[in-house]
Ligand SMILES: *Cc1c(COP(=O)(O)O)cnc(C)c1O
C-alpha cells in the first residue's frame with residue numbers, strides 16, 4: 001500500500017440501512033446508486049442492496065454492470081437516455097427509462113425494439129430542472145400510451161425542498177392535479193421525503209443518500225436517532241509531527257498561525273483524495289479517536305491537524321477523516337457543503353475495501 005489513506009465501505013451498515021428504511025415505508029424501493037453508489041464503489045458494494053426492489057442510476061454503464069453481474073430485477077435510468085442511439089442497449093438490458101423531454105418520446109416512437117420498455121414519465125413539480133410542465137402531463141401520457149415500444153408508465157416527479165417540513169405541499173398539489181385521471185404506479189419520494197413525508201411514498205420511493213447513512217438535510221442530528229449508520233469511513237494516519245512556536249504558520253498561504261507552542265500532525269489526506277480544500281481551520285477530525293480540528297489550508301495530498309487534545313498521538317496514529325465515529329455531515333457543514341458532495345467526491349486514487 002503506497003499511502004496510508006483508505007476508504008472502508010461497511011457492508012453491514014448498507015444492509016442495515018436498507019432494512020431500516022423498509023421498516024418506514026410500505027412502498028417498493030429503488031436503491032439509488034448513481035455516481036458510483038455515491039462514491040461507495042458500486043461494483044464492490046451492490047450486493048449489500050440485494051434485498052432492494054430495484055436499482056436506480058444515471059449511467060448506462062452502471063446499469064449494465066449490475067445486469068451483467070446477475071441482477072434480474074428492475075433497473076431505472078433516472079434521467080433516461082441521453083441519445084437516441086442508446087435505445088438498443090436499453091432494450092437489450094431491459095432497462096426502465098425516465099422520459100422527460102419531447103425528443104425522447106419521438107426517439108421511442110421511431111426505435112425498433114425487441115420488446116416494449118417500462119417508462120417513468122417525469123413531470124416538473126417546481127424544481128424546473130427536468131420534466132414536462134404539469135399541464136402537459138395528461139397529453140404526454142396519452143401520446144406515450146399509444147406507442148408500441150412503451151409498456152408500463154409510472155408517474156414520476158422529484159422534490160426540490162423535501163428536507164423542509166412544509167417543502168412538499170405545493171409540489172404534491174401540483175402533481176395531484178397533473179395526474180388526475182391517469183392510472184399507473186406513482187413515484188415521488190427521495191430520501192428526505194421517505195423519512196419525513198410519508199404521504200408522498202405512493203408505489204415506489206427512490207432513496208439515495210440515506211442508504212449510505214448520510215443526512216439529506218445536511219445535518220447529522222436530523223437522522224442521528226433513526227438507526228441509520230454511516231457506510232463509509234475515510235481513514236488515514238499521521239505521517240509527520242511538527243512543533244510550532246508562537247507566530248509559526250502552517251501550510252500554503254500561512255492561513256493559520258500558532259498563538260503559542262503547539263504540536264500539530266500531518267495527515268496523508270488532501271483535496272486530491274476528495275477532502276474539501278475549502279475546509280476552514282477547526283474542521284472536525286479524529287486522531288486516536290479524539291476529536292480535534294484541522295489547521296491551515298488543505299493541500300493536495302496532506303493536511304495539518306491540531307494535536308493539543310491528543311498529546312499521546314505519534315507518527316502512525318490513526319486518523320478518521322469521516323465515518324462511523326465522525327459523521328461526514330459534520331465535516332461537510334464545517335466546509336459549507338453537504339455530505340452528498342463529500343462522499344461522491346471520494347477520489348479514484350483512494351483505495352477502498354469492503355468490511
Ligand atoms: C438522486 C435522485 C434521487 C435520490 O436522492 P436522495 O436525496 O439521495 O435520496 C431520487 N430521485 C432522483 C430523480 C434523483 O436524481
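The values are calculated or read from the model by the stated rules, or taken from the named source; none is laboratory data. The model shown is predicted, which means the values in this text are computed figures rather than measured ones. Quick reminder, even Gly has a Cβ in these numbers, built from the backbone with ideal geometry, and neighbours come from all protein chains shown.
List of remarks:
- Among the residues of segment 312-337, those that are surrounded by fewer than 20 Cβ atoms within 10 Å (Cβ to Cβ) and either assigned by TED's automatic domain parsing to the domain that holds residue 44 or over 15 Å from residue 268 (Cα atoms) (or both) comprise 312, 324, 325, 330, 333, 334, 335, 336, 337.
- Residue in segment 166-182 that is on the phi > 0 side of the Ramachandran plot and within 15 Å of the ligand (Cβ to nearest atom) present: no
- Of all the residues in segment 88-109, those that are away from the ligand (no atom under 16 Å from the Cβ) and either farther than 19 Å from residue 59 by Cα or assigned to a helix (DSSP H, G or I) (or both) number 13.
- The set of residues from segment 39-62 being under 21 Å from residue 28 (Cβ atoms) and either assigned to a strand (DSSP E or B) or more than 16 Å from the ligand (Cβ to nearest atom) (or both) comprises 46, 47, 48, 50, 51, 54, 55, 56, 57.
- With respect to the conditions (1) under 23 Å from the mean Cα position of the chain (by Cα); (2) in contact (Cβ under 8 Å) with a residue 12 or more places away in the chain; (3) surrounded by fewer than 19 Cβ atoms within 10 Å (Cβ to Cβ); (4) closer than 21 Å to residue 133 by Cβ, residue 187 falls short on a single one, namely (3).
- Screening 128, 164, 114 for residues that are more than 30 Å from the chain's Cα centre (by Cα) and not in a helix (DSSP H, G or I) leaves exactly one candidate, 114.
- Among the numbered conditions (1) assigned to a loop (DSSP other than H, G, I, E, B); (2) over 15 Å from residue 56 (Cβ atoms); (3) within 14 Å of the ligand (Cβ to nearest atom), the only one that residue 189 does not meet is (2).
- Some residue of segment 151-159 being within 13 Å of the ligand (Cβ to nearest atom) and not in a strand (DSSP E or B): yes
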